[in-house]
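Structure record follows, encoded as structure tokens.
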Amino acid sequence: METAWNLLSSNFFIFCLESHILNLVYCIAAHSYFDRLSNFPEEILTTLLQDKSFENPKLQALRIFTKIIIEKRGSVLPKEIETFLSAGYSKEQVLELIVGVAHKIMSNYVNHIAETPIDDEFK
């Protein structure tokens, strides 16, 4: 099993969770496809897409904090940051998570404006 931070640094975790939370049809299809090609753990992908909790406390902390950043649009409370840090993450990782979410938001806006159709291979 990969560590929580290896998953985050690959950005697959962020992209899957954000796509699910925001109901981004193209992104859910595309990221699910590429996650499977990259050997992203199927049980983690399924858990993210079904919005379920992880048994692994560090993965669960990552899931919750990522969700907070997305749903609150970055208006995260100090206690929420502290909870994430106390799970074993660093301030640098908070920044990396924010950068990943911002990157995904930008690509989502482009897909919405361009009305990007879902590729046949992603269906």
Taking Cα pairs closer than 8 Å and at least 6 residues apart, the relative contact order of the chain in percent is 34
Answer in debye to the nearest 20: the dipole magnitude of the chain about its Cα centre, from +1 Lys/Arg and -1 Asp/Glu charges placed on Cβ, is 420
So, with points 7 Å from each Cα along the Cβ direction, the Y109-K67 label distance in nm works out to 2.6
Candidate cut points under GluC sites (Glu not before Pro) in the stretch 42-123, DSSP loop plus at most 15 other Cβ atoms within 10 Å of their own Cβ, are E55, E115
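Coordinate-derived values only; no laboratory data. This is a predicted model, so every value here is computed, not measured. Ideal geometry is used to build each Cβ from the backbone, glycine not excepted, and the neighbour counts take in all protein chains shown.
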